[in-house]
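Structure first, then comments.
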Amino acid sequence: MTIPTEPIGSVPRPKELLDGIADHRDGRIDRTALDALYETALADTIRRFEDTGSPVITDGEQTKPSFVTYPLAGANQLAADGVTIPFQDGHTRQLPRLTGGPFRYSTYAASYLAGARRYTDRPIKQAVIAPSAVSLLYPAEGVAGYSREAFLNDVVNESVSDIRKALDGGAASVQVDFTEGRLSLKLDPSKGLLRSFVDLNNRVLEQFSDQERSRIGVHTCPGGDQDSAHSLDVDYLELLPDLFRLAAGSFYLQLSSEAGRESVLKLIERYRQDSQRVFVGVIDPINPVVETPEQVRDQVLEAAKYIPLDRLGTCDDCGFSPFSDDVSTSRDLAFAKITARVEGTRLAEQALGV
């Protein structure tokens, strides 16, 4: 496709897998049985992704505990009472809290890439968590014998390894999930926290070559979970000038669910650097109504007024199920929306004559 189109990442897990996770947690099935359920879900997800016609696919994050906590699976020196993230509908998600150092990833995203590669020869996109999100594990009161500076140095090194392993593993693109960008402006309207996040992420991105960064993108959204968001009320104007300071080749921006899309497109036109590609969100994962290809097409045509065609792509606003227990959207609905994105992007190409 001339206008590239990519998924953001997660799709809802099958009920059989979610039941199996609960059964394993409660001791009703062993790890071998659970792994078989993971494999079945992964194979089915890859097949269904291929059926959508998407030129780039993902594993749907079927085997990740969540998009943010996968590096911590099985890790020690963590407590459960970390930073709490409130969503607009009143529910919360809570991150772990670091209790000791040195900090190391226990799981790298490349392991998920290798699992998906067993089932397809299509280009695969691999999502990784931003170092700025991982930095939230460090408690305000500090950690005895392990300074915040030492922790951040370890986070940078581990994040570089996470991205490099995915690139070396053959990922067509690597997506750095930066959903805390918009949230940071609720926590600190002065933008000090946001700018510290951007600086930390750039410490990682700047360790890659220009050619490597052309395969690295940053995703931002207001945080979707259980049909709610944590920062949709934060104006994009407060985020985008600093977001485009990130040394990434691509940006995946939630846009379909944004109330004032055209005003955001004008901001993108103003602040986007010439070398940066922008994938505009044309699918709202929270909306239970499936977009028509024509609706997707019209969103792309609107975006093309502000973004050069050779720097324009399409994506979903967010993942459909970033936390493994989110069942607010069905698998069938998610794949129907993905199909609409692909078909609508093709319609836009035809309308634009590319």
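What follows is calculated from the coordinates using simple rules that are stated; it is not laboratory data. Computed from a predicted structure; not experimentally measured. Using ideal geometry, Cβ is built from the backbone for each residue, glycine included, and neighbour counts are taken over all protein chains shown.
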Hits for the chain under the membrane-span-like helix rule (DSSP H, Cα axial span at least 24 Å, Kyte-Doolittle mean at least -1.0) are 31-51, 148-168, 331-352
Within the chain, which cysteines find no other Cys whose Cβ is under 4.7 angstrom from their own? Cys315
Where the Cα pairs of the range 5-352 fall when distances are cut into 10 Å bins, in %: 5, 26, 36, 25, 7, 1, 0
Amide H neighbours of Thr314 under 5 Å, at least 5 residues apart or on other chains, H built in the peptide plane: list them. Thr5, Glu6, Val280
So, in Å, what gap is there between the alpha-carbon centers of the range 283-310 and the range 33-48? 31
Share, in percent, of DSSP beta bridges within the range 5-352 that are antiparallel, nearest 5: 25
5 Å is the cut-off here: which amide hydrogens, built 1.01 Å from N in the peptide plane, fall below it relative to Leu78, excluding neighbours closer than 5 in sequence? Thr99
What percent does the relative contact order of the range 5-352 come to when contacts are Cα pairs within less than 8 Å and at least six residues apart? 20
By per-residue mean of other Cβ atoms within 10 Å, what is the highest-first order of 306-318, 11-23? 306-318, 11-23
How would you order 167-176, 112-121, 79-88 from highest to lowest mean count of nearby Cβ atoms within 10 Å? 167-176, 112-121, 79-88
Relative contact order computed over the range 172-317 (Cα-Cα under 8 Å; 6+ residues apart), in percent: 23
If one computes the Cα centroid of the range 164-194 and of the range 195-255, what distance in Å separates the two points? 5
The range 203-249 shape via C-alpha gyration tensor axes, a/c threshold 1.5: prolate
Whole-Hz couplings from phi, Karplus 6.51/-1.76/1.60, listed for the range 101-107; x for Gly and Pro: x, x, 8, 9, 5, 9, 9
In the range 176-228, the GluC sites (Glu not before Pro) that fall in loop regions by DSSP, at most 16 other Cβ within 10 Å: Glu206
222 nm [θ] for the chain, helices only, -39500 (n - 2.57) per DSSP H run of 4+, per residue, to 500? -12000 deg cm²/dmol
With the 8 Å Cα cutoff and a minimum separation of six or more residues, the range 39-161 has a relative contact order in percent of 28
If amide H atoms are built 1.01 Å from N in the plane of the peptide, which residues on other chains or at least 5 residues away come under 5 Å of the amide H of His219? Val176, Asp177, Phe178, Tyr252
For the ranges 319-330, 96-107, what's the packing order if you count other beta-carbon atoms within 10 Å of each residue, average per peptide, and put the highest first? 319-330, 96-107
